[in-house]
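None of the figures in this text is laboratory data; all of them are computed from the coordinates on show. For clarity, every value in this text was computed on a predicted model and none was experimentally measured. Every residue, glycine among them, receives a Cβ derived from its backbone with ideal geometry; neighbour counts consider all protein chains shown.
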Amino acid sequence: MNYVQRRDALARALPEKSVAIFFNPEPARRSGDQDYAYRPDSNMIYLCGMDEPGAVAVIASAEQGVRFRLFVKPRDPERERWVGSRYGVEGARDQFGADEARDIAELRASLSDILFALESVYFDFTYSSALAPMLFEATEALRHRGRRASEGPRAFCDVRDIVGEMRRIKDADEIEIMKRAAEVSVAGFEAVLKTLRPGMGEWEVEATLQHAFRARHAMGESFGSICAGGAHATTLHYEANRDVLRDGDLILIDAGAEVEYYAGDISRTFPVNGRFSPAQRDIYELVLKAQKEAIETCIVGNHIKSPHQRVREVFAHGLHELGILSESPQTILSENLDFAFYFHGTSHYLGIDTHDVGIAYRRGHDAPARLEEGVVLTVEPGLYFTEDDARVPEKYRGIGVRIEDDVLVTARGPVVLTAQLIKEIDDIEACMGRREG
């Protein structure tokens, strides 16, 4: 990873006499004396690769002499016997290329010197909000200096749009890692296909995914896996994974592996017993048709909402033809009647975060951002018919189907990073049939 190049790009994007400040949170307590698995701040990972809890990075605008400062916990041999080694101040310089590296205990005192001549400070208003009191305190001291002139920053700004736009376009190194994340994610779903059967627990499907990811050196799941059998699939973010899979049901799986902090994100819907019923086939074929046509819209010059618009058009015709909605396709679209069964977006950016950063809609007029080469996004249409929805023909009630792939936008057209994972009905049934043989 070319972290120096990324920091230089940020420095050039900042106005003169400003800094951007990022920090890794401390571990969060799970219970007793146990913490949740640690996850560093995504912007820290992107800009310098620093993954140690409590570290703070200060990146200055381009005209300043000291461009990159790191504040870290010092080495502590006794503590490290329990929790593992730390980089320390020396490691912050040697391994991360900091122009200046200091003990984190010096941060509060150092802020006065750093902020003295600045006009503005940028930080993440959500994920770095713990820094805010310290920044405000240091600034207030500089603004009230007795008989001396007021100094320090006049503006506090949110850094998310600047770094988000940098992260929105993936470089060659990132694309290679994301290909690996896609490959490992696919392997997890393929492992499920080999074992899926009636009577299996949703939790067993989840465990199969987790094992496949970790066995291929992934860091784990990129988000909590959804393994929704039967009518649970009509709940968008069902994560309980506690039920038993029944003969004749579908299972909707939404999962992905995290590789070097980059996320894979796949959804597939499989028949638990290996065969789609006629009603399940109707809905699955409609969702698959919409997904294929939406992927074709992921080209340079189109916008982030292009896949969603195409999905809605396909769904409007399909819902009318299946008798689920009696209104014309034009009326379905104009009155948003499809929202009853398709209530989420089709695409989101993908990267270090599963729902990755980057401007999707422009300020002031909500114009969707244009797709550019190097953008990675998901395409994930779905239809969801709850068990008690009397508007829907009975044969379709309780069916939920989502199909999702990860798509890289290139000058030559869309490249589906997760294309290796089967999604055609005949391929799924043949694969599961061979398993039984």
**Study point:** Selection count, the stretch 405-437, where residues are among the charged types (D, E, K, R), touching a helix residue (DSSP H, G or I) at 6+ places or on another chain (Cβ under 9 Å) and under 24 Å from ASP171 (Cβ atoms)
**Key:** 2
Practice item. Could you tell me which numbered condition ILE422 fails, if it satisfies all but one of (1) surrounded by 22 or more Cβ atoms within 10 Å (Cβ to Cβ); (2) out of contact with any Gly (no Cβ under 7 Å at 6 or more places or on another chain)? Key: (1)
Check your understanding: Restricting the search to the stretch 217-259, which residues are crowded, with 16+ Cβ neighbours inside 10 Å and either among the polar types (S, T, N, Q) or farther than 24 Å from HIS344 by Cα (or both)?
Key -> ALA218, MET219, SER222, SER225, THR234, ASN241, ASP243, LEU245, VAL259
Review point. Which residues, counting only those in the stretch 78-114, are acidic (Asp, Glu) and either within 31 Å of the chain's Cα centre (by Cα) or more than 13 Å from MET134 (Cα to Cα) (or both)?
Key: GLU78, GLU80, GLU90, ASP94, ASP99, GLU100, ASP103, ASP113
Check your understanding: What are the residues in the stretch 350-374 that are of a type in the set (Asp, Glu) and either without any contact (Cβ under 8 Å) to a residue 12 or more places away in the chain or out of contact with any helix residue (DSSP H, G or I) (no Cβ under 7 Å at 6 or more places or on another chain) (or both), if any?
Key -> ASP366, GLU372, GLU373
Review point. Do you know which of the residues in the stretch 1-24 that are in a loop (DSSP other than H, G, I, E, B) and loosely packed, with under 15 Cβ neighbours inside 10 Å is farthest from the chain's Cα centre (by Cα)?
Key: GLU16
